[in-house]
Amino acid sequence: MKARIKAIMRRNSKNKRQKKEETANNIIAAGDLKMDTESRRVFIAEREINLTAKEFDLLELLVRNPSKVYSRESLLTYVWGNKAWRMEMCGRWMSM
């Protein structure tokens, strides 16, 4: 009986550690910016920022790859997929 209780406690402890690691893996931090990829929430200096789904996707890409430079076309394709070519035909609406 004692051995069974120890085994159950060991499994329970392992599950708690695993859940903590999973939660930590869902958080991306860069300076004051924190992104929770599971709940798709963004915080800057502990204040929540509301983003659209596309804005969140784009920000996540940039935060995960801070040293990478992207072309306009690759960003369009990443965020809008194969619909990007239609947007490109409508004009350079994303010019900066």
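If packing is taken as the mean number of other Cβ atoms within 10 Å per residue, what is the order of 61-67, 75-81, highest first?
Ranked by mean Cβ neighbours within 10 Å, highest first: 75-81, 61-67.
Simple spin-label model, 7 Å along Cα-to-Cβ: Tyr78 to Leu33 in nm?
Computed distance between label sites Tyr78 and Leu33 equals 1.1 nm.
Throughout, read-outs are computed from the coordinates displayed, never taken from laboratory work. Just so it is clear, the model here is predicted, and its values are computed rather than measured. Positions of Cβ are backbone-derived with ideal geometry, glycine not excepted, and every protein chain shown enters the neighbour counts.
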